[in-house]
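What follows is one structure encoded as structure tokens, with my remarks underneath.
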Ligand SMILES: [Zn+2]
């Protein structure tokens, strides 16, 4: 959580979702934690170009409200909590050992002051040292965010994503590339994003990574719109 200051020390902590009282250890009350823990993990229908996709919860209820608090109220201190749920899934499921955050639209990142997917990927790496962060492999060009666009418009005009082809962060390309499987630690990657909507952005990212010789590409998101 952001620094609370003196006022935060004097007022009892509130759940960031329902605003009822909660302990200081977690920013959620027991009821909201309970609902979040019961949310069904979603593993189905990976978008084209993605070998496997897993999401912690449907984009509704506590999961949706928690994500909104993180993204739109600027509560960046929620990233470790959200990423903790994602780390549990990515550690037991998708195959990629390098984590590649879906790049934010440049204007969106400036407006928000931080990059939600990048923050989550960094926290997943902190939670599970078996992964390497490669937040320098993809860049997003041109159009702004997909947010607010209708499903048909998103599918018809996915964002323009390009690979930089190099990642000092994860050591790609390796000294002797002998094929698609010789990339960062075996050439597999897991994309990280906050929410999966149509899958068009993940597909665009996977295409850019494939162009750089990285694959298969899996993905993990916190929520998924059903
Ligand atoms: Zn609550």
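Every read-out reported here was derived from the displayed coordinates using simple, explicitly stated rules and does not represent laboratory data. Nothing here was measured: the structure is a model prediction, and the numbers come from that model. No Cβ is skipped: glycine too gets one built from the backbone with ideal geometry, and neighbour counts run over all protein chains shown.
In this structure, residue 11 and residue 72 have a Cβ-Cβ separation that, at R0 = 30 Å, corresponds to a calculated FRET efficiency of about 0.85. Neighbour counts of other Cβ atoms within 10 Å put 90, 125 in the fewest-to-most order 125, 90.
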